[in-house]
Amino acid sequence: MTTNRTELLTLFHKMATEIAEKEFPPFTEQTVISDLGIDSLAMLELVGAMERHFEIRIPDEQLVGITTVNDLLAVVEKGIAAARA
Amino acid sequence: MGSTQDQVEVSYDVGNEFFRLWLDERMNYTSAVYLHPNETLEQAQLNKLRILSEYAHVQPGCSVIDIGCGWGANLEFMSLERKVGRAHGITLSTEQWTEITRRKIPNVTAEVRDYKEFKPAEKFDAATCICMMEHIASPEEARSGKHIDLYRDFFRRVHSWTKPGAYFGLQTILRNRMPRNKKDIEDIGHATYVIFPGGITERMEDIVIAVNPYWEVMEMKTRREDYGRTTGEWLKRLRDHKTEILAKWGQKVFDDYDRYLSTCVNAFDKHYQSLAQWSLRRID
């Protein structure tokens, strides 16, 4: 199962493209998610896609305050680590 | 500040005859409790009222304040079945107050009053509140973290209206988990902003935090599946009266309530929402 940061970023890009139904310019972990045109509703869809892909459950309270791509990937990584513990 | 009077009237003043078509005969607009598989909605609503009276330790001859009393189903139950000496209800809906007054229930009084402005002349032996807390904080207040202070202020006020040793029977909808798909998020948004503007359901942990230092949680029972079944029955009855509703209230009202009740059935099924009944005892 893919878990390293580079591959996670690629997965984020692929899923965001599918959900938003548009192509994104190159972005980094420091990119603010809303700057990509991903609103809070689309971000929840993105979280759901990540949960299904990795078969994890992310608690809602961890979603509060997510601003950057890095914030979201860190929460996903935490979920993966918890599932493997 | 939660729901304003105008917003409450959007939610409850569509018309008493409208709600009478799809609620039970006593017009309970809150979850019933199904204790047996074959019970009717009417029987299940009586179960709910009895449980909350027991949680509030409602005794014959006592006085009870019912906060957010709806169309008076709980007031009527406490008067006729529990033989209370006095049951007083407060609501922000003039249509609901009109219905309670029309019923002329013995030992029951009611007034259109915001709980923040309610100042009773005498203290009550017990308190009940069935799914009114959803109107205390707005979605914006919950997002900005003001909701717990608002809930705590509510519990402080109820504490001040009651006598030492009083119990409080409380029923609340619970916000459990946000949906992860667009349709379900939009449907919950419709229920939140179109059907119940100004309000939001609570998280269980918020209530546990907010009752302190005024009330002790003595019992708590979740009833997610009961609310799913209740809203399913409401949806069936709404659709059974589709022709009449379309003729009297129009397509938009029917569509809004069909979507709202369908959303509820889905939300309870998928654990987005749940229900809790609480028995609280005053900390004196």
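Pick from the stretch A:34-43 the residues that are within 14 Å of chain B (Cβ to nearest Cβ) and part of a loop (DSSP other than H, G, I, E, B): which of them is modelled with the lowest pLDDT? Walk me through it before giving the result.
Of all residues in the stretch A:34-43, those within 14 Å of chain B (Cβ to nearest Cβ) come to A:38-43.
With the extra rule that they be part of a loop (DSSP other than H, G, I, E, B), the set shrinks to A:38-39.
Values: A:ILE38: 91, A:ASP39: 88.
It comes out as A:ASP39.
For the condition surrounded by 12 or more Cβ atoms within 10 Å (Cβ to Cβ) and either within 14 Å of chain B (Cβ to nearest Cβ) or assigned to a loop (DSSP other than H, G, I, E, B) (or both), what is the one hit in A:ILE80, A:ILE56?
The match here is A:ILE56.
Here is a list of conditions, (1) over 28 Å from B:ASP206 (Cα atoms); (2) more than 14 Å from every other protein chain (Cβ to nearest Cβ), and A:GLU18 meets all of them except one; can you say which number that is?
(2)
Please go through the stretch A:21-33 and pick out each residue that is away from chain B (no Cβ under 14 Å) and free of Cβ contacts under 8 Å to residues at least 12 places away in the same chain. Spell out how you get there, then give the answer.
Within the stretch A:21-33, the first condition is being away from chain B (no Cβ under 14 Å), and the residues that meet it are A:22-33.
Selection gives A:GLU23, A:PRO25, A:PRO26.
Could you say which residue among A:VAL47, A:VAL75 is within 13 Å of chain B (Cβ to nearest Cβ) and not in a loop (DSSP other than H, G, I, E, B)? Before the answer, list the steps.
Details: A:VAL75 fails: within 13 Å of chain B (Cβ to nearest Cβ).
From the options A:VAL47, A:VAL75, the qualifying one is A:VAL47.
Of all residues being over 18 Å from B:GLN5 (Cβ atoms) and under 19 Å from the mean Cα position of the chain (by Cα) in the stretch B:98-111, which is surrounded by the fewest Cβ atoms within 10 Å (Cβ to Cβ)? Just the residue, please.
Here the residue is B:THR109.
How many of the residues in the stretch B:135-154 are modelled with pLDDT under 95, assigned to a helix (DSSP H, G or I) and crowded, with 19+ Cβ neighbours inside 10 Å?
Of the residues in that region, 2 qualify.
If I ask for residues that are among the acidic types (Asp, Glu) and outside any loop (DSSP other than H, G, I, E, B), which ones from the stretch B:101-126 would you list?
Of the residues in the stretch B:101-126, the ones among the acidic types (Asp, Glu) are B:111, B:114, B:117, B:122, B:125.
Answer for the stretch B:101-126, where residues must be among the acidic types (Asp, Glu) and outside any loop (DSSP other than H, G, I, E, B): B:GLU111, B:GLU117, B:ASP125.
Does the stretch B:169-188 contain at least one residue that is assigned to a helix (DSSP H, G or I) and away from every other protein chain (no Cβ under 14 Å)? Steps first, please.
First pass over the stretch B:169-188, keeping only residues assigned to a helix (DSSP H, G or I): B:182-188.
Next cut, away from every other protein chain (no Cβ under 14 Å) only: none.
Checked against the condition, which is being assigned to a helix (DSSP H, G or I) and away from every other protein chain (no Cβ under 14 Å), the stretch B:169-188 yields no hits at all.
Working carefully through the options B:GLU76, B:GLU81, B:GLU95, find the one that is touching a residue at least 24 places away in the same chain (Cβ under 8 Å), farther than 23 Å from B:ARG282 by Cβ and exposed (fewer than 14 other Cβ atoms within 10 Å of the Cβ). Walk me through how you get there before you give the answer.
Details: B:GLU76 fails: exposed (fewer than 14 other Cβ atoms within 10 Å of the Cβ); B:GLU95 fails: exposed (fewer than 14 other Cβ atoms within 10 Å of the Cβ).
The match here is B:GLU81.
The values are calculated or read from the model by the stated rules, or taken from the named source; none is laboratory data. It should be emphasised that the depicted structure is a prediction, and the values quoted were computed from it without experimental measurement. Reconstructed Cβ throughout: ideal geometry from the backbone, glycine too, with neighbour counts over all protein chains shown.
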